[in-house]
Amino acid sequence: MTVFIVSLFLPYTVNFHLDQTPSDRSRNGSPKSRPVFARPPPPVRNSGSSLFERYREAVIDGHGWTPGATTEHERIFTPPSSESTLQNGVDGHYPFPTSTPDLRSLTQSDLHSPAWGSTSAFNQPRPRVMVSPSPSILKHEEPVQPQDKKQERPGMGPEAMKAQEQRMGHHRTRSFSEADWTVEPAERGNVGLRNAVQSAADSGFQSDVLWVGTLGMATDALDDRTKTTIAKELEDRHGCLTVFVSDGNLTGHYTQFCKTILWPVFHYQIPDHPKSKAYEDHSWIYYVKVNEAFAERIARSWKRGDSIWIHDYHLLLVPAMLRKLLPDAQIGFFLHVAFPSSEVFRCLAPRKELLEGLLGADLVGFQTSEYCRHFLHTCSRILWVEATNEGVHLDDRFVNVGTFPIGIDPKSWDERRKSPDIDHWIKLIAERYDGKRLIVSRDKLDQIRGVRQKLLSYELFLNAYPEWRDKVVLIQVASSTTEQIELETAISDIAMRINSTHATLAHQPLVFLKQDLSFPQYLALITVADALIVTSLREGMNLTSHEFIYCQDGKYGPKAHGPLILSEFTGSASVFDGHALLVNPWDYRQCADAIHTALSMPPPQREAIWDKLCEAVIRNSTTSWVKSFTEKLSSVWKEHSSRETMAVPRLSVTKLEDAYRESHHRLFILDYEGTLASWGSPTSIILTTPQRALTTLADLLDDPRNVIYVMSSRMPEEMDRLFCQVSGLGLIAENGCFIREPQRESWFKLMEETETKAWKTGVMGILNYFRERTERSWIEERHCSLVFHYASAEDKVAASWQASECADHINDACANQGIHAIPVDGALVVERVDTNKSSAAELAWRYSIEGDSQGGFDGRPDFLFVVGDGREDEVVFRWANNLADAKVVENVMTVALGSRSTEAKATLTQGVTGK
């Protein structure tokens, strides 16, 4: 079985060599792909040279001084060169052989890679001139060509200018299409995902993997022959399926919709600034086109038995698109970032389309249970579907939802920590910060990482605890981003104020590195640090904290068991289960106090806390993440496949007759509404029970070996009235809240009346609020439930929206009371979670055994027949099927009416009122 790993960017890309001649081309004229890491390694320097010599080498080599440093004492970090970045090493030492491709990035934490269109270390085509979206929403498929006024150049008319542009474009296409190229590990992409897949392959769990994604570069400058050759090379030698999309579509998809619309919303930042609103409706078409390209590319290569695993918010529409192309495919989706609450998500214009796209999967995975709840509530509120803790009920299928926190690969880290480069940097940093307490932080410099809040908290800490001013150093590593000038300016002002106020000639309290570090520098830094501080305002999972914890075991550094100060708004906060020092990034006083607590914590307490944190890191490894998700996806897909309409056979009447004749003690559990009885009219709540059905029940009960129960959502009084003509019939009312044994007149209640009254009063207030705002709606009060009816409303859309809002309020307010609101056709039913038809069916089963014994029959029933037509009947089907699997009953038949996804073992297209 092949697993398709679908991500926006492939783990590999292409580097073009325009300065080389095409002398080494193959005979057919196609470029050759040289091995990865074909370039020679940088010269080996003497690691034992003095600091002054190393500073001089850094300056001569063009690396520069440490940004933010004010004294030479602090200038020990140099930015990693592009060569060392690609090789994952500096100073000639490499954690892995340079001849072996390795996808693990320079740093394994979840810092985002360079954005599409940004400067790359590789020689690649730049995106073509971007086509601006139309100013009209109705014409968003008619792009507006940019007006650069090139035709106004002196001596060049419009025709000449057009000819020159054609020549320049043709020349650019030829230059890249005819150049040699090599396949290189990509700079862009999801580093955590790559590491996880690689670690799973190394452990032997997942070997047959096929990546699907784009090259992460502009491709319009390449001709079709070059694209075909690159795609074949990547598929044959690197296990990658390349998705080619136009530069304009990828720019509109990634830069405009993903980064300007989805990214802010998923991190609780409403896109209300002008730039976002300008593109919200126009860039959607680009998002759809890129998702369509992915779905079509996967469908061309998919074979029966293959599994498809789609990743992250860039490809939310792909699951539903694939479901249409491949109805029986095994499709999973995992969201690496946070999922916001319904109040935030509903601000998106294409909210329904995005949710419906996700629900094309068999399994949707999230980092934390909080994000799962947000997703389920959002589906219930916006799509008006029934959502349970396990997933979402759709009309024709069920979509499972689960929590799968991602982590790091401990085995890989153990290997990398053995590098001599790391030991060298550990000694160097420990020497330079001897006698200081070192706090480390590493973030991307954007709005959601909370760097500004962190520096303000650190400034407050220095002011509130003056005894630490000359004893502590905060090293903030921040990789810059595009278009964050205001944020960078504000952070620079804070950094300058801290150092100007608290720095001395011999001490600098803040070292702000506007760069990323080489891997040995980074690993050494988190090894010797006394504490790590993370103040993200919202983050799916912060793997930097996992790396810090794992490196604090004391095996390779002078210090160990440093405390972790962690924002409560990161996914890692739930993974560490409160053992970290959790803070609210906006509460500067709390953060400052947490820094003081971390620095003042005695060693025994630090070690005890670290043991708990390290246990969580090892438990949530990358291999465990891949294994748990893929195994869960396989199991739910098999379960879903068994429920599909085409997989469930029609009821064999001959088999039913034979089992009936051969049995001696029989139990029938029959649904009422829509099964034994049909509705009088589309708008009526009155059911019509055919005389034929009543006669059939009476005929069956003439045989003393038969026990029959009819189950309904109606109240006991109604059931007594409806079936007064049929004696000896068992009844189940209000979806399992009441049960009446055959031959008896009294009802048994499965819950206490005081429990019902406790929640009804509060829920009735909510229902009345929405009843007043929904015309022609009314509330039906039953003994154990409340029903909000709105089927008679003239404005169906408005009424449905009010009911959705009502369900959302009830499910949020009454979750702790075991109450939930379930949408049905034209109504909203509010009832307890722990009481349903299956619990009443279990009692009916016990009563039938007791009844048989009292009637002189020996043993339990050997024939069980269950039939129903609604979603609430599925729990009874599951209960009966479990009896069959456990060999408790010899003949079990579960029958669902109509065409839908079901757990029943047989179907009928007509009820008892039909044939």
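A simple rule links phi to the HN-Hα coupling: the Karplus curve 6.51 cos²θ - 1.76 cosθ + 1.60 with θ = phi - 60°, which for the range 513-520 gives 9, 7, 5, 9, 9, 5, 4, x Hz, with x for Gly and Pro. Here each label is just a point 7 Å from Cα along the line to Cβ, and for Ile270 and Arg300 those points are 4.3 nm apart. Potential lengthening of the chain between Glu178 and Arg589 amounts to 141.9 nm, from the contour at 0.36 nm per residue minus the alpha-carbon distance. What the Cα atoms of the range 410-620 give is an Rg and a Dmax of 16.1, 46 Å. Treating r as the C-beta distance of Ser642 and Asn816 and R0 as 22 Å, the FRET efficiency rounds to 0.05.
Once backbone amide H atoms are built at 1.01 Å from N, Ala338 has Gly540 as its partners under 5 Å, excluding neighbours fewer than 5 places away on the same chain. In summary, the convex hull built on the alpha carbon positions of the range 376-523 has an orientation-averaged projected area of 14.4 nm². Highest-first packing order for the peptide set 191-201, 241-251 is 191-201, 241-251, based on the mean count of other beta carbon atoms within 10 Å. Ranked for footprinting exposure by Cβ neighbours inside 10 Å, fewest first, His789, His253 give His789, His253.
Amide H contacts for Gly826 (H built 1.01 Å from N in the peptide plane; partners 5 or more residues away or on another chain; cut-off under 5 Å): none found.
For the range 740-823, what percent of Cα pairs sit more than 19 Å apart? Of the Cα pairs, 44 percent sit more than 19 Å apart.
The simple Förster model, with R0 at 35 Å and r as the Cβ-Cβ distance, assigns Glu657 and Arg346 a FRET efficiency of 0.05. Modelled spin labels at Leu18 and Lys427, positioned 7 Å past Cα toward Cβ, are 4.5 nm from each other. Across the range 324-347, the residues whose backbone nitrogen lies under 20 Å from the label position 7 Å along the beta-carbon direction of Ser369 are 335-342.
Between the amide H of Thr214 and those of Phe9, Leu10, Val243, distances stay under 5 Å, these residues lying 5 or more places away or on another chain, with hydrogens modeled in the peptide plane. Label-to-label distance, Ala121 versus Ser727, with points set 7 angstrom from Cα along the beta-carbon direction: 9.0 nm.
Applied to the range 876-886, the Karplus parametrisation 6.51 cos²θ - 1.76 cosθ + 1.60 on θ = phi - 60° returns per-residue 3J(HN,Hα) values of 6, 4, 5, 4, 5, 5, 5, 5, 5, 5, 7 Hz, with x for Gly and Pro. Cβ-Cβ distance of Ile849 and Asp699, R₀ of 35 Å, FRET efficiency by 1/(1 + (r/R0)^6): the value works out to about 0.90.
Pairs exceeding a 29 Å alpha-carbon distance, out of Lys760/Lys905; Lys232/Lys638; Lys352/Lys796; Lys418/Lys612; Lys259/Lys555; Lys259/Lys514: Lys760/Lys905; Lys232/Lys638; Lys259/Lys555. Once the chain from Thr501 to Glu568 is taken as fully extended at 0.36 nm per residue, the excess over their C-alpha distance is 21.1 nm. Peptide packing: for 791-801, 488-498, the average count of neighbouring Cβ atoms within 10 Å per residue gives the ranking 488-498, 791-801, highest mean first. Across the range 737-742, computed HN-Hα scalar couplings (Karplus, 6.51 cos²θ - 1.76 cosθ + 1.60, θ = phi - 60°) run 7, 10, 9, 10, 6, x Hz from first to last residue, x flagging Gly and Pro.
Taking 0.36 nm per residue of separation and subtracting the current Cα-Cα distance, fully stretching the chain between Ile485 and Asp825 would add 117.1 nm.
Protection proxy ranking, highest mean first, for peptides 449-462, 554-567: 449-462, 554-567, where packing is the per-residue count of other beta-carbon atoms within 10 Å, averaged.
Every number here is computed from the coordinates shown, using simple stated rules; none is lab data. Every value quoted in this text rests on a predicted model; they were computed, and no experiment measured them. Because the Cβ atoms are built from the backbone with ideal geometry, glycine has one as well, and the counts that use them run over all protein chains shown.
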